[in-house]
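First comes the structure, then the notes that go with it.
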Amino acid sequence: MLEVKFDASQLESIINAAVDKALERHSLVNSLPPILNRTQFMELLDIGPTKAAELFNREDFPVMREMGHPRVLTHLLLQWCERHTDWTEKNAGDGWKKRGGVAS
């Protein structure tokens, strides 16, 4: 049986780090617009028009075209990115990677 022991300061440090990370992620999601147009989407992922078109044409990508021009629901984009981390790591621009895979 594995037994792990932490003193109070170690446990507090671990909890504080987890809470800080959760708060950062929550504030990020709330700072983005709920629906991204093509330009906002490309800026967020630091990609060009060719890569955006490739994504918009994927069957599994959460793009909606009902508004006349392609739009992406931000919360669905973030979920999609989490499910496709390998693709994101290979295809997103340097700006995305420098932010640690976190949109700014």
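The values are calculated or read from the model by the stated rules, or taken from the named source; none is laboratory data. None of the values given here were measured: they were computed from a predicted structure. Quick reminder, even Gly has a Cβ in these numbers, built from the backbone with ideal geometry, and neighbours come from all protein chains shown. SASA here: full protein model, heavy atoms, side chains in, ligands and nucleic acids out. Shrake-Rupley method; radii C 1.70, N 1.55, O 1.52, S 1.80 Å.
Ranking V72, V4, V19, V63 by solvent-accessible area of protein heavy atoms (1.4 Å probe, all protein chains present), from largest to smallest, gives V4, V19, V63, V72. What the Cβ-Cβ distance of I15 and R83 gives, at R0 = 25 Å and to the nearest 0.05, is a FRET efficiency of 0.35. Rolled with a 1.4 Å probe across the full set of protein chains, the surface gives M64 an accessible area near 40 Å². Each residue was assigned an accessible area with a 1.4 Å probe, and for I15 the value is about 90 Å².
Quick check: from the Cα gyration tensor, does the range 1-85 come out rounded (a/c under 1.5), prolate or oblate?
Prolate, because a/c is 1.5 or more and a/b exceeds b/c.
Judged by the mean number of other Cβ atoms found within 10 Å, the most tightly packed of the peptides 75-81, 49-55 leads the ranking 75-81, 49-55. In order along the range 67-78, the Karplus-derived 3J(HN,Hα) couplings, from 6.51 cos²θ - 1.76 cosθ + 1.60 at θ = phi - 60°, round to 9, x, 10, x, 9, 10, 6, 4, 5, 6, 4, 4 Hz, and Gly and Pro are given as x.
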